[in-house]
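First the structure, in the form of structure tokens, and then the observations on it.
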Amino acid sequence: MISSVLLKEWLKLKYFFTGVLVLNIGVCLKIYFEIRGLILSEHPEMIWYEAIHLHNIFFRDIMFFPLATGLILAAAQLVPEISRRRMRISLHLPLHRDLLLVLSVAAGLLFFLIAAGIPAVFIYFTMRAWFPYEVSLTVFTTMGPWVLAGILGYLGGIAVLLEPLKTRKVFLAIVFSVIISVMYTGVGYGWLSPAMPYLAWLAPLFLLCVFSSGHRFQQRGA
Amino acid sequence: MNAIEVHNLSHQYNGRTVYQDLTFTVPQGSICGLLGKNGQGKTTLVNILMGFLKPAAGSCLVLGENSHSLPPDVRRRVGLLHEGHQAYEFMTIAQTERFFRGFYPDWNADIFFSLVKKMGLSHRHRVGNMSCGQRSQVVLGVIMAQNPDLLILDDYSMGLDAGYRRLFLDVLHDFAAMEGKTIFVTSHIVQDLEQLVDTIFFLDQGRITRTGLKEFLTSFKKYVFFSNTGTVPLEDEVIKGFERRRDRFTVYSYQDPDTVTEQLTRQGVEVRDLHRADMTLEDGFIGLMGKY
């Protein structure tokens, strides 16, 4: 059963996943060439100064890509299901409905983490090539909130698409937008690092929105 | 034992009462057709039976379990054909088989492939690129390969030409011949049901009436007569329905010809050459429920 659910999610996501992965890697390459160009054309100590003292983030271009990735993957997973009420096929399968949602969301998050994780590693090695280890390592603490925004964007997208009541859809969209906007507050390397453990622990709570919307979706005509 | 039990079911939709105290049972091993005009709530009833809608009041039991909280084990025993032959259009035929196989221990791949083989399509053909008829065969293959105890078919004939409808009926006949299998079907092609069902439920204005097919076709009668007067029959206890084409009138009634003639005359309708005519289930449906 689990392999069947994963097969279905892969079939829905494979083109979109490949698309967003290529897009993310494309942005990473752009960042790589921009940093390389800066290092080669300017005095490297000036670039270091900009990074360490002025907190100029050279990989800022990728900031919204994890969020876009989350939203795209959520839509790619849910739109084929909710359009023409195809979700009923899955809801009739001999599998507990919450387990079905857990497996689907887990599959989506796995693809998201691959699509958002590879660029983080890529950018880390890009920074590692020209910056001190300490600066390179802050790639993860700086990108962490953006990746978390992507996870929340993914969960929010799923919850909003599943929610059958329009007023609740709007409410959920506002709540998720506000929480996501928190991830983009502040400037500089590792700005949200002190708050990240708390934000990361809160994120799974948003799964409850997905279950709640999923339950209403099924009870109101799927 | 009953495959489906509905007790005092009430449901509202956008403030309109769809059912009030609806009660009926579908015995195990029977083949039941649910008939009703458009908008009478046939699909809503199927949705309630399958747990996609929660009724306002009353109870619905499917294979002994509450319909809006069917456990996976019961859902495994129910083959459900969704209106419009819903299928995952992003899957190929082979992927569809591989996907569903994982959920059903009694899955019979031979049945699935024997049904889709009739279309002569490659197993790598995407469901999304199929015609409605071809898709219906894939869906039918999925349902039959599950080997369910109860089949619920919501308007299986929608969008199908005569050939595909006949193919569907052939498969359903074979399924019904197996011991203990129950079919609950809705269709807007009433004449197809005449070849399949043994019991009919008429759903009209929130009320449901159950009758045996043979009993209905025997007791309900179609009479034809000619009349040149402008007076048309009125529906009452004797005259259940009528149709008019120029001077040719068709009336439907449970009564014998003499009673019908007497009632028509009492209504001021000139009756000439009244005789009983052959009646199909579709005629009977129109006679009892009306055209619109």
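The values are calculated or read from the model by the stated rules, or taken from the named source; none is laboratory data. Since this is a predicted model, take the numbers as computed values, not measurements. Note that we place each Cβ from the backbone using ideal geometry, even for glycine, and neighbour counts take in every protein chain shown.
Restricting to the range B:44-68, name every residue that is more than 10 Å from chain A (Cβ to nearest Cβ), out of contact with any helix residue (DSSP H, G or I) (no Cβ under 8 Å at 6 or more places or on another chain) and assigned to a helix (DSSP H, G or I).
B:LEU45, B:VAL46, listed by residue number.
Could you grab me the full set of residues in the range A:34-79 that are among the basic types (Lys, Arg) and under 24 Å from the mean Cα position of the chain (by Cα)? Before you say what the answer is, go through the steps one by one.
If we filter the range A:34-79 for residues that are among the basic types (Lys, Arg), which is where we start, we get A:36, A:60.
A:ARG60, the sole residue that qualifies.
Name every residue in the range B:257-274 that is of a type in the set (A, V, I, L, M) and either within 24 Å of B:THR218 (Cα to Cα) or in contact with a helix residue (DSSP H, G or I) (Cβ under 8 Å, 6 or more places away or on another chain) (or both), in order of residue number. I'd like the intermediate steps shown before the answer.
Quick first cut of the range B:257-274, residues of a type in the set (A, V, I, L, M) only: B:260, B:264, B:269, B:271, B:274.
Answer for the range B:257-274, where residues must be of a type in the set (A, V, I, L, M) and either within 24 Å of B:THR218 (Cα to Cα) or in contact with a helix residue (DSSP H, G or I) (Cβ under 8 Å, 6 or more places away or on another chain) (or both): B:VAL260, B:LEU264, B:VAL271, B:LEU274.
Could we say that B:ILE111 is buried (at least 17 other Cβ atoms within 10 Å of the Cβ) and within 14 Å of chain A (Cβ to nearest Cβ) here?
Values: buried (at least 17 other Cβ atoms within 10 Å of the Cβ): yes; within 14 Å of chain A (Cβ to nearest Cβ): no.
Against the criterion (buried (at least 17 other Cβ atoms within 10 Å of the Cβ) and within 14 Å of chain A (Cβ to nearest Cβ)), B:ILE111 does not qualify.
Might you let me know whether the range B:103-119 holds any residue that is in a strand (DSSP E or B) and more than 23 Å from A:MET1 (Cβ to Cβ)? Lay out the reasoning, then the answer.
Start the filter on the range B:103-119 by keeping residues that are in a strand (DSSP E or B), which leaves none.
No: zero hits.
Looking at A:PHE122, A:PHE111, A:PHE131, can you tell me which residue is closer than 21 Å to A:LEU155 by Cβ and of a type in the set (Phe, Trp, Tyr)? So that I can check it myself, show each step before the final result.
On the way: A:PHE122 fails: closer than 21 Å to A:LEU155 by Cβ; A:PHE131 fails: closer than 21 Å to A:LEU155 by Cβ.
Result: A:PHE111 is the single residue among A:PHE122, A:PHE111, A:PHE131 that is closer than 21 Å to A:LEU155 by Cβ and of a type in the set (Phe, Trp, Tyr).
From the list A:LEU192, A:LEU202, A:LEU208, A:LEU172, which one is touching a Pro at 6+ places or on another chain (Cβ under 7 Å), away from chain B (no Cβ under 14 Å) and without any contact (Cβ under 8 Å) to a residue 60 or more places away in the chain? Quick ask: steps written out before the conclusion?
Working: A:LEU202 fails: touching a Pro at 6+ places or on another chain (Cβ under 7 Å); A:LEU208 fails: touching a Pro at 6+ places or on another chain (Cβ under 7 Å); A:LEU172 fails: touching a Pro at 6+ places or on another chain (Cβ under 7 Å).
Answer to the selection: A:LEU192.
Those residues that are surrounded by 12 or more Cβ atoms within 10 Å (Cβ to Cβ) and within 17 Å of B:ARG246 (Cα to Cα), I need them from the range B:210-233; list them, please.
If the condition is that a residue be surrounded by 12 or more Cβ atoms within 10 Å (Cβ to Cβ) and within 17 Å of B:ARG246 (Cα to Cα), then B:TYR223, B:VAL224, B:PHE225, B:PHE226, B:SER227, B:VAL232, B:PRO233 are the ones that fit.
Of all the helices (runs of 4 or more DSSP H) wholly in the range A:34-147, which have at least 1 residues that are more than 14 Å from chain B (Cβ to nearest Cβ) and modelled with pLDDT of 90 or more?
Details: elements: A:44-52, A:65-82, A:87-91, A:97-130.
Per the criteria, A:65-82, A:97-130.
Here is a list: B:GLN191, B:GLN263, B:GLN255. Which entry is of a type in the set (S, T, N, Q), more than 27 Å from B:ILE4 (Cα to Cα), touching a residue at least 24 places away in the same chain (Cβ under 8 Å) and part of a helix (DSSP H, G or I)?
Working: B:GLN191 fails: more than 27 Å from B:ILE4 (Cα to Cα); B:GLN255 fails: part of a helix (DSSP H, G or I).
Criteria check complete, one pass: B:GLN263.
May I ask you to list pairs of residues, at least six apart or on different chains, whose Cβ atoms are under 6 Å apart, with the first in the range B:111-130 being closer than 15 Å to B:ASP170 by Cα and the second being assigned to a helix (DSSP H, G or I) and among the polar types (S, T, N, Q)?
That search, which allows pairs on different chains as well, returns B:LEU115/B:GLN137; B:VAL116/B:GLN137.
If the requirement is being part of a loop (DSSP other than H, G, I, E, B), within 19 Å of the chain's Cα centre (by Cα) and farther than 30 Å from B:MET1 by Cβ, which of these qualifies: B:GLY84, B:GLY133, B:GLY163?
On the way: B:GLY133 fails: part of a loop (DSSP other than H, G, I, E, B); B:GLY163 fails: part of a loop (DSSP other than H, G, I, E, B).
On inspection, the qualifying residue turns out to be B:GLY84.
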